[in-house]
Amino acid sequence: MFVEVGLNRDMIFERLLLALSLCVLAACAAKEPDLDFHATVQPLPETARMVNPDYFIWCGTMVKDDAGTYHLFYSRWRKDLGFNSWVTHSEVAHATADTPFGPFTHRDVALPARGAEYWDGLCTHNPTVHRFGNKYYLYYMGNTGDGVPSPKGSLNFTHRNNQRIGVAVADTPDGPWKRFDRPLIDVSADSLAADALMTSNPAITECPDGSYLMVYKAVGKHRPMPFGGPVVHLTATAKSPTGPFTKQMKPTFTIEGLDFPAEDPYVWCENGKFYALVKDMKGAFTQHGKSLALFESANGLDWSLARHPFAMGLELRWESGKVEQMSNLERPQLLFEHGKPTVLLLAAGKVGEDGVMECSYNVQVPLR
């Protein structure tokens, strides 16, 4: 027997349906689908590469301004100096386009050489650009040294071991960029520390609580010099984009028995979870050879391989149908629009039969 208590049968039924719908939505929200990054990669438009015949081009990071212009920051150095002179003569340059897939027009050098007396005075490299609040932040590696180009097949280790992480700040992507007289992430004073020799390859994201997480490449002094090692990745946190950062000193993206398994992390936070795209140096994480691997973390400090670890191999698929095999696809960076990643930027290189890099440029890969 149905007893009315202020509600009729239809009203009770509607409320039961509403309650059931809310339960279903809550269950769906509690189980976010696992990110399969590889499934989002799309063919490239023919314009989606930044090439200069006179320069090696590496890295590549992008931001969109309020007027809708896309700003690409990238590393470049003269080809006649040889590829390994990235460590002595790289400079962070700036180009713009009306779309994230180009064609891009070179505008200026955002972070030029400014004198050997500065910690970043002769080389700037590994840019990653971000907008936090109303300002733009350009994180990078800088170094100084003797200014001698790297010998063929090797590195100038004076410059290599002077690598440090810095940041430049501007009101617009057109600059001017304010640089600082001290690194943002310096080496640790403790000679036994994991980053006692050098720091480079910065990656940063804003956390849900408004703090900032940085992941960076570090080299210690536990292996024979001048290379040192092992090469690891460390995390650091701060309340401001310009620091000071507190280092955690716990290596991540590691594999037992390998001194240099990963490089070039890019980190971001989406739906409350942290993700990292990482260059898998030999395929130890993805089982796909040299590739990009996807990691995830609940707090940004403790990382594990994602359920779908393989993010991308060494092939570029163009809209024309052409499949281009590269020797290198690395230094991943993402462009976000409306809170979602829409473009993957990669440094692309081809090595000749003699083992020497013949060409390098930046590509902009559409994401679904």
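The values are calculated or read from the model by the stated rules, or taken from the named source; none is laboratory data. These numbers come from a predicted model, not from an experiment. Using ideal geometry, Cβ is built from the backbone for each residue, glycine included, and neighbour counts are taken over all protein chains shown. SASA here: full protein model, heavy atoms, side chains in, ligands and nucleic acids out. Shrake-Rupley method; radii C 1.70, N 1.55, O 1.52, S 1.80 Å.
Heavy atoms only, probe 1.4 Å: what % of the accessible area of the chain goes to carbon and sulfur, would you let me know? Working shown, then result.
On the way: 9120 of 16890 Å².
Of the solvent-accessible surface of the chain, carbon and sulfur hold 54 percent.
Using 0.36 nm per residue, how much length does the chain from Ala284 to Asp209 gain when fully extended, once their Cα-Cα distance is taken away? Numbers along the way, then the final one.
Details: separation 75, 0.36 × 75 = 27.00 nm, distance 3.34 nm.
Taking 0.36 nm per residue and subtracting the Cα distance, the gain is 23.7 nm.
With a cut-off of 8 Å between alpha carbons and a minimum separation of six or more residues, what is the relative contact order of the chain in percent?
Values: 927 pairs, mean separation 55.6, N = 368.
Relative contact order comes out at 15 percent.
Would you kindly state how much longer the chain becomes between Asp36 and Phe336 on full extension, computed as 0.36 nm times their sequence separation minus their alpha carbon distance, in nm to one decimal? Don't skip to the answer; put the middle values down first.
Working: separation 300, 0.36 × 300 = 108.00 nm, distance 1.71 nm.
Residue separation times 0.36 nm, minus the Cα-Cα distance, leaves 106.3 nm.
Let me make sure I get this right: for region 140-213, a, b and c are the square roots of the gyration tensor eigenvalues over alpha carbons, sorted descending. Under 1.5 in a/c it's rounded, otherwise prolate if a/b > b/c, else oblate. Which is it? Show your work: numbers first, answer last.
Numbers: a/c = 2.35, a/b = 1.39, b/c = 1.69.
Oblate.
May I ask for the net charge around Phe180, where only other residues with Cβ less than 13 Å from the Cβ of Phe180 are counted and Lys, Arg are +1 while Asp, Glu are -1? Numbers along the way, then the final one.
Values: positive: Arg114, Arg164, Lys178, Arg179, Arg182; negative: Asp120, Asp181, Asp186.
Net charge in that neighbourhood comes out at +2.
Please say if region 281-368 is rounded, prolate or oblate, where rounded means a/c under 1.5 for a ≥ b ≥ c the square roots of the C-alpha gyration tensor eigenvalues, and otherwise the choice is prolate for a/b larger than b/c and oblate otherwise? Numbers along the way, then the final one.
Values: a/c = 2.08, a/b = 1.36, b/c = 1.53.
Oblate is the answer for region 281-368, as a/c is 1.5 or above yet b/c matches or exceeds a/b.
Sticking with the crude label model, points 7 Å out along Cα→Cβ, report the distance from Ile255 to Phe132 in nm, one decimal please.
For Ile255 paired with Phe132, the spin-label model returns 3.3 nm.
What whole-number value in Å² describes the accessible area per residue of region 176-328 for a 1.4 Å probe?
Working: 6860 Å² over 153 residues.
It amounts to 45 Å² per residue over region 176-328.
Around Asp264, what is the net charge, scoring Lys/Arg as +1 and Asp/Glu as -1 over all other residues with Cβ under 13 Å from its Cβ? All intermediate terms of the calculation are to be shown ahead of the outcome.
Numbers: positive: Lys217, Lys279, Lys290, Arg331; negative: Glu263, Asp280, Glu330.
The answer is +1.
With only Lys, Arg, Asp and Glu charged, each at its Cβ (+1 for the first two, -1 for the last two), find how big the charge dipole of the chain is about the Cα centre; round to the nearest 20 debye. Walk me through the numbers on the way to the answer.
On the way: 35 positive and 41 negative charges, 91 e Å.
Roughly 440 debye for the chain.
What is the calculated FRET efficiency for Leu192 to Phe227, with r their C-beta to C-beta distance and R₀ = 22 Å, to the nearest 0.05?
0.80
For region 232-286, which GluC sites (Glu not before Pro) pass both filters: DSSP loop (anything but H, G, I, E, B) and at most 10 other C-beta atoms within 10 Å? Please list the in-between numbers first.
Working: sites: Glu256, Glu263, Glu270; in loops: Glu256.
Loop-located and lightly packed - Glu256.
Rounded to the nearest 5, what % of DSSP beta bridges with both residues in the chain are antiparallel?
Values: 96 of 98 bridges.
Bridges in the chain that DSSP calls antiparallel: roughly 100 percent.
Quick one: which residues, 5 or more positions from Ala306 or on another chain, have an amide H under 5 Å from its amide H? H modelled 1.01 Å from N in the peptide plane, none for Pro or chain starts.
Residues meeting the amide H criterion: Leu294, Phe295, Glu296.
Most mobile of Trp318, Trp119, Trp58 per a Gaussian network model of the chain (Cα springs, under 10 Å)?
Among Trp318, Trp119, Trp58, the largest mean-square fluctuation in the Gaussian network model of the chain belongs to Trp318.
What's the local net charge at Ser85, with K and R +1, D and E -1, over the other residues with C-beta under 12 Å away? Write out the running numbers ahead of the final one.
On the way: positive: Arg76, Arg78, Lys79, Lys152, Arg160; negative: Asp80, Glu91.
Summing Lys and Arg as +1 and Asp and Glu as -1 gives +3.
Under unit Cβ charges (Lys, Arg +1; Asp, Glu -1), what dipole magnitude, rounded to 20 debye, does region 218-279 have relative to its Cα centre? Mind dumping the intermediate values first?
Values: 7 positive and 5 negative charges, 53 e Å.
Roughly 260 debye, rounded to the nearest 20.
Which Cα, out of Phe253, Trp268, Thr242, lies furthest along the positive dipole direction of region 235-322 (beta carbon charges, K/R +1, D/E -1)?
Toward the positive end, the furthest listed residue is Thr242.
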